[in-house]
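The values are calculated or read from the model by the stated rules, or taken from the named source; none is laboratory data. Quick caveat: nothing in here was measured; it's all calculated off a predicted structure. Please note: Cβ atoms are built from the backbone with ideal geometry, for glycine as well, and neighbour counts cover all protein chains shown.
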């Protein structure tokens, strides 16, 4: 999965850089279309895959503020004082 993400990220950067190149040198409208396709690639393909990869083995309850987690935080503060 990490290799797929790396390839997609490099592709994303390449499409954006190509779009800016075409926009500045050849055709403004065509460059804007290429940049837009790059942004869509990043937002709708790369970002969800990246988020899935980073969160797949994590428990959401460890990152939410529940009563149990809040009491753990207060116990830690009381020990320091």
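Residues that are out of contact with any helix residue (DSSP H, G or I) (no Cβ under 8 Å at 6 or more places or on another chain), at pLDDT 80 or above and not in a helix (DSSP H, G or I) do not occur anywhere in segment 36-50.
State all residues of segment 6-22 that are surrounded by 13 or more Cβ atoms within 10 Å (Cβ to Cβ), within 14 Å of the chain's Cα centre (by Cα) and more than 13 Å from residue 40 (Cβ to Cβ); if no residue qualifies, say none.
The one that is surrounded by 13 or more Cβ atoms within 10 Å (Cβ to Cβ), within 14 Å of the chain's Cα centre (by Cα) and more than 13 Å from residue 40 (Cβ to Cβ): 9.
Taking segment 51-68 as the range and being surrounded by 10 or more Cβ atoms within 10 Å (Cβ to Cβ) and either modelled with pLDDT of 85 or more or touching a helix residue (DSSP H, G or I) at 6+ places or on another chain (Cβ under 8 Å) (or both) as the test, the residues that pass are 51, 52, 53, 54, 55.
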